[in-house]
1. Inspect all residues belonging to the stretch 430-442 and state whether any of them is aliphatic (A, V, I, L, M) and outside any strand (DSSP E or B).
2. So is GLY491 part of a loop (DSSP other than H, G, I, E, B), modelled with pLDDT of 95 or more and in contact with an Asp or Glu (Cβ under 8 Å, 6 or more places away or on another chain) or not?
3. What is the residue count in the stretch 27-42 for residues that are touching a residue at least 24 places away in the same chain (Cβ under 8 Å) and either touching a Lys or Arg at 6+ places or on another chain (Cβ under 6 Å) or outside any strand (DSSP E or B) (or both)?
4. Which residue out of THR411, THR388 is farther than 28 Å from LEU450 by Cβ, in contact (Cβ under 8 Å) with a residue 24 or more places away in the chain and surrounded by fewer than 18 Cβ atoms within 10 Å (Cβ to Cβ)?
5. Does at least one position in the stretch 309-322 carry a residue that is in contact with a strand residue (DSSP E or B) (Cβ under 9 Å, 6 or more places away or on another chain), crowded, with 17+ Cβ neighbours inside 10 Å and closer than 25 Å to GLY352 by Cα?
6. Condition test on THR651, is it under 14 Å from PRO574 (Cα atoms) and either touching a residue at least 12 places away in the same chain (Cβ under 8 Å) or in the same structural domain as ASP65 (by TED's automatic domain parsing) (or both)?
7. Note down all Cβ pairs under 6 Å where the first residue falls in the stretch 589-610 and is within 19 Å of ARG38 (Cα to Cα), the second is of a type in the set (Ser, Thr, Tyr), and they're at least six residues apart or on different chains.
8. Determine whether the stretch 351-363 contains at least one residue that is over 22 Å from VAL289 (Cα atoms), among the aliphatic types (A, V, I, L, M) and not in a strand (DSSP E or B).
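The values are calculated or read from the model by the stated rules, or taken from the named source; none is laboratory data. All of these numbers come straight from a predicted model, not from anything done at the bench. Cβ: placed from backbone, ideal geometry, glycine included. Neighbour counts: every protein chain shown.
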Amino acid sequence: MATRTPDQQIKTASGEVSDKPPIARVIPKVETVHGEARVDNYFWLRDKSNPEVIQYLEAENQYTDAMMKHTEKFQEQLYQELLGRIKETDLSVPEKLDDYYYYTRTEEGKQYPIYCRKRGSLEAAEEVLLDQNVLAEGHEYLEIGVYKISPNHQLLAYSVDAAGAESYTLYIKDLNTGELLPDEIPNTSYSAEWANDNQTVFYTTLDEAKRPYKLYRHQLGSDPQSDALIYHETDESFFLSLRKTRSKAYLLMELESNNTSEVHYLEADRTSEDFKVIHPRQPEMEYAVEHHRDKFFIVTNDNATNFKLMEASVEDPAQANWKETIPHRESVKIDRVSAFQNHLAVYERENGLKQIRIINLTTNDEHLVDFPEPVYTFWAGGNADFNTNLLRFSYTSLVTPTSVFDYDMDTRARELKKEEEVLGGYDRSLYQSERIFAQAGDGTAVPISLVYRKGMVKDGRHPVLLHGYGSYGISLDPNFSSNRLSLLDRGFIYAIAHIRGGEEMGRYWYDQGKLLDKKNTFTDFIDCAEHLITEKYTTSDRLVTQGGSAGGLLMGAVTNMRPDLFKIVVAKVPFVDVVNTMLDASIPLTVTEYDEWGNPNDKVYYNYIRSYSPYDNTETKAYPHLLITAGLNDPRVHYWEPAKWTAQLRTLKTDNNRLLLKTEMGSGHGGPSGRYDYLKEVAFDYAFILDILGIEK
């Protein structure tokens, strides 16, 4: 086994040799799986109650600080750049619900939003409902989970996580007095809903693996310990969530695994009754429900890979009574639908781009909302009002800041309510975006979205930041980021590889990047990188890659497969210890993700996962410069995965390139919760990249 020697230490820009990086103790843990002896030298790092583990993580942080000390002024410069582009004191577009206008605002110097409303008109006096800055006092981290106003607008149910572990405590606030009610409920998940009586709250709780698995009904003023258990999901591959239909008529209990779903419904006026199932779970059949008057609209993949739209009477919505509204189409995927009093908004994907189909439910006329740019994305707003002909959405592209529109579904007119203000004189005419295609090894055309300053010449001299994800059917859609200007204005090209495993090109795009086809995700990314080099956008010595979580798995896999292809790799909370994690059913997400990665208790899947798992495939060879991050309280990708991977790389890598592990000791999967802390993290990442590339201003 190779070890680092003093002459392999990395020099700072000033030429000073840094302290030696920490080397984790090797304590082999041996177990036999499918007849193979598995040796895990760093299994001991899983025990964060062991002081030596914390000492090791802190030593890595100290080493990272030492290695980046010479960039401190540059980090501050970058931070001020990033900060200088955002409007620190700002206001969201108010959303009208009944007689109230709800919005959030931010104040200069404060990390978090303030939740407010006005009654009757926008000129009315402001009422502060919740100030997250006040809640965060005394905490390094604070995240709001649930935020639900009661139907009569007199009460607020909200939940708080102060550690990043994604376990929330639920509170009820009296909006008339500003006082908290004694109803305090710990260990809740992301979903809770009011019944229409303003006295009943339904909420979900977590099991030991952080899986939402129980639904309870709580009556205000009663002891939460006596709350009625409404449903207990015993199948560890299913997550339980709850939502209210936009019509406010029904509560929907949704039970979902990665490829199967089941929905139960209850009239929100009849909270003492039992939920009824629409269609019992059927393996690999997914469906989602939306209510409209006397019917349910149902989006399903039943005999429809790209999904189709069905409808059924609320009187008997069993599958036998479903009728087809929009048939399955090979080239168009239906993501979801949103029902209004007289319209249906159908959110679709075609040829890698999102689109909105508007259907008039009275005349059956339909049209597509027009979008002006070749590369763009959008997301729907809250649209809390069911009885409206206005659809609110936010539109953005790689060059267009996020813009909030109200779209008249009858006249097709749109009103710009607000465009994100980019301070410092941003001129979008100086930038250009495009979409190109790389050819994968099997002939598949893989889209790449690009943005750069106009006048870019394809001479191979530009640094490129190539971003990727490619898992769970999650698409990386091209959106605007003012932070990214700090790279573009220094000559960078920013690129998104829309690789298989996402759903940009439809459900089949996802299916071809999971289970025993997972390696398509990695080879697609490599093919995209090579295409950018072949087309002279960049060279391997100027190519930077970044991905987080499952995108961090991507980073680890392609780094093992083609370390020569990349100069710098930034792996954020990377899922890299795939075999060990998927063999441990006690870890959150493991069982439900058998449908994504495969169950390694099956030898076929074990061998396949073993063949690409980054931790298991680290070798004695040269690697790119690596920045790896972790969150001590992360319940999704536990800190020990990036920590173990870093420890293994330290003993095996043969190069002099930087290898830094940066662990957030007080947060979880998403990193810092405050907006200023987040900008400091971005500045740190950019300083790491730019310093290595020799771009010092």
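1. Scanning the stretch 430-442 turns up at least one residue that is aliphatic (A, V, I, L, M) and outside any strand (DSSP E or B).
2. The answer is no for GLY491.
3. Of the residues in that region, 4 qualify.
4. Exactly one of THR411, THR388 is farther than 28 Å from LEU450 by Cβ, in contact (Cβ under 8 Å) with a residue 24 or more places away in the chain and surrounded by fewer than 18 Cβ atoms within 10 Å (Cβ to Cβ), namely THR388.
5. Scanning the stretch 309-322 turns up at least one residue that is in contact with a strand residue (DSSP E or B) (Cβ under 9 Å, 6 or more places away or on another chain), crowded, with 17+ Cβ neighbours inside 10 Å and closer than 25 Å to GLY352 by Cα.
6. When the stated conditions are applied, THR651 does not pass them.
7. GLY598/TYR605; ASN599/TYR605; PRO600/TYR606
8. no
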